[in-house]
1. Return the unpartnered cysteines for the chain, using a Cβ-Cβ cut-off of under 4.7 Å.
2. With +1 on the Cβ of every Lys and Arg and -1 on the Cβ of every Asp and Glu, and nothing else charged, how large is the dipole of the range 69-196 about its Cα centre, in debye rounded to the nearest 20?
3. Extending each Cα 7 Å along its Cβ direction at Asp37 and Val371, get the distance between those two points in nm, one decimal.
4. Just want the answer: with Cβ charges of +1 for Lys and Arg and -1 for Asp and Glu, which residue in Pro90, Pro100, Leu126 is farthest toward the dipole's positive end in the range 1-126?
5. Compute, for the range 271-397, the length of the dipole vector about the Cα centre, with Cβ point charges of +1 (Lys, Arg) and -1 (Asp, Glu) only. Units Debye, rounded to 20.
6. What does the charge dipole of the chain about its Cα centre add up to, to the nearest 20 debye, if the Cβ of each Lys and Arg holds +1 and the Cβ of each Asp and Glu holds -1?
7. What's the extension gain from Ala75 to Ser332 if we count 0.36 nm per residue and subtract their Cα-Cα distance?
8. Let me know the shape class of the chain, please: from the alpha-carbon gyration tensor, a ≥ b ≥ c as square roots of the eigenvalues, rounded when a/c is under 1.5, otherwise prolate if a/b is greater than b/c, or oblate.
Amino acid sequence: MWPAIWQFAARQEELPEPGDTVVYENVGKSWLLVRQDDGSVRAFANVCLHRGRKLRTSSGPAEEFECPFHGFTWATDGSLKRVPCQWDFPHLMQKDMSLPEARVAEWQGFIFINEDGKAPPIEEYLSPLDEHFKRWRLDECYTALWVGKVIHANWKCVSEAFMEAWHSIITHPQLLPFTADANSKYNVWGDHVNLTLTPFGVLSPHLQDQGHDEQFIVDSFARGSGRTAQANEGMQIPEGHTARSYIAELNRQQFVEALGYDGADLSDSEMVDAFTYNVFPNFSPWGGFAPNVVYRWRPWPDHRSALMEVRLLGRKPKDGPMPEAAEMRFLSEDEPWDTVQEWGQLGYVFDQDMENLPYVQEGMEASANGVLELGNYQESRIRHFHQTMDKYLARED
Ligand code: FES
Ligand SMILES: [Fe+2]
């Protein structure tokens with residue numbers, strides 16, 4: 001499947017200047033994404049064509065790619081530049097020794113690669129994502145925070161934990177005072193795109209008979225979320241506002257207007273809700289105008305563990321340059337997600353998810369009947385994901 005799909009490999013701000021290089025690796029393949037002099041990005045196989053050493057093991061600027069073994073060297077446009085002891089390689093003179101390439105495409109600042117020359121163009125693959133994200137302009141955003149951690153569960157199992165909201169009732173009970181968990185909306189489009197739309201700033205249906213007022217929602221939200229402006233206790237809802245419209249207004253001021261953009265026509269939903277999109281198979285960008293979460297999952301290093309990455313995209317100031325991209329902070333085995341201060345309680349939410357996942361993996365392997373049961377509606381994205389994967393796995397080529 002992997003060689004046939006468009007993989008999210010890097011963000012534009014990771015390689016702003018010519019020569020800047022990102023090493024992207026997945027399921028045994030290794031790629032050099034290199035910014036070219038004309039501003040485009042190309043992706044070269046990160047393998048020396050002499051005796052196979054990886055050319056680079058980390059991202060960073062490059063003037064050329066010199067193999068650390070014997071010194072075969074390629075230019076940043078992938079052409080062979082230098083061969084030490086060239087007299088010994090007369091047979092290579094007539095041969096194309098350029099580094100093999102993958103296709104590259106960019107969408108809203110995300111750079112994708114595809115190894116399959118016959119795969120559909122990215123516009124078709126992502127459809128209808130572009131329509132949905134037109135207002136949200138993630139190309140105006142940059143990686144403000146980026147955290148990765150290895151989870152002892154298959155990458156699909158990890159990603160599926162982020163495809164529905166209804167596990168909140170048991171896994172994240174602290175979210176219920178301000179989260180539409182069991183009344184989130186689910187959509188699927190075509191083969192590759194689906195969505196959970198989880199409203200925030202409203203009571204969970206599980207709490208609706210308990211007589212809570214709007215101030216209770218705000219008080220709980222301030223304690224519970226890392227994706228809201230001025231998340232501190234003591235916030236009082238002003239006259240004429242609901243909890244939801246008040247939180248939306250605070251977000252509008254901090255995440256849009258303070259950066260020089262006009263927030264007047266942005267809806268409350270775009271300011272507070274979780275528009276959790278997935279692009280098959282492992283790329284999950286959030287929509288809206290509050291800091292956008294982006295997930296990516298990969299097998300790491302094999303099918304029983306996954307690297308889960310979470311980014312928070314910040315919007316660049318309207319009249320300022322693109323801020324520098326944050327580098328990935330790799331959490332060790334014993335560092336919980338909650339050690340990351342910058343995202344407030346979001347880290348704690350991830351830690352709650354991770355409490356389940358290794359045991360989901362172990363449980364699935366130990367299963368007596370080998371069968372999982374999915375809810376008809378709330379787990380429709382998981383079903384969609386597997387239907388698409390089955391189509392790819394059934395392909396002849
Ligand atoms: S393996 Fe790269 S130069 Fe020999
Ligand atoms: Fe969760």
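Here, each number is a calculation from the coordinates, and none is a lab measurement. Small disclaimer: the values here were computed from a predicted structure and weren't measured. Positions of Cβ are backbone-derived with ideal geometry, glycine not excepted, and every protein chain shown enters the neighbour counts.
1. Flagged as lacking a Cys partner: Cys85, Cys141, Cys157.
2. Details: 11 positive and 17 negative charges, 65 e Å.
My answer is approximately 320 debye.
3. 6.4 nm
4. Pro90
5. Numbers: 12 positive and 21 negative charges, 141 e Å.
In total the dipole reaches around 680 debye.
6. On the way: 35 positive and 60 negative charges, 212 e Å.
Magnitude of the dipole: close to 1020 debye.
7. Numbers: separation 257, 0.36 × 257 = 92.52 nm, distance 3.54 nm.
Working it through step by step, the gained length comes to 89.0 nm.
8. Working: a/c = 2.20, a/b = 1.64, b/c = 1.35.
Taking the square roots of the gyration eigenvalues as a ≥ b ≥ c, the chain is prolate.
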